[in-house]
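Only one structure is covered here, and it is reproduced in the block below.
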Amino acid sequence: MPQIDVFSILAVFLAIGAVYVIGVLLVLPIKIIVKLVINGIIGAVALFAINIFSGLTGLSIGINPITALIAGFLGIPGIILLLFLQYIM
């Protein structure tokens with residue numbers, strides 16, 4: 001029966017830990033990108049819906065690069081912020 005030394009066992013555990021750390025580091029940016037894409041889609045749809053129903057509500061938000069970025073990054077809170085700013089102005 002072959003002998004297994006302590007250093008081989010430690011090397012295996014170190015390799016498993018390194019694979020785990022690399023996996024976590026690769027998954028976190030994907031989660032952030034997916035969250036930004038979902039916020040962007042929700043923000044764009046909400047901005048479009050507000051402008052479609054502006055005749056009924058009296059509120060409209062002009063679509064320009066700044067409002068699109070705010071709605072895209074922040075999602076629904078960004079739309080609420082834009083509506084609040086539109087109401088104040």
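The table below lists the values:
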read-out: In degrees, nearest ten, helix 76-88 long axis to first principal axis of the chain (Cα); value: 30
read-out: Mean Cα-pair separation over length for the chain, i.e. relative contact order, pairs under 8 Å, 6 or more apart, %; value: 27
read-out: For the chain, calculated [θ]222 nm from helices alone, where every DSSP H run of n ≥ 4 adds -39500 (n - 2.57); value: -28500 deg cm²/dmol
read-out: On Cα atoms only, tilt of 6-52 relative to the major axis of the chain in degrees; value: 10
read-out: All-pairs alpha carbon distance profile, the chain, 10 Å steps from 0, percent; value: 15, 29, 15, 11, 10, 9, 6, 3, 0
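Only the coordinates and a few stated rules stand behind these numbers; no lab work does. What you are looking at is a predicted structure, and each value in this text was computed from that prediction instead of being measured.
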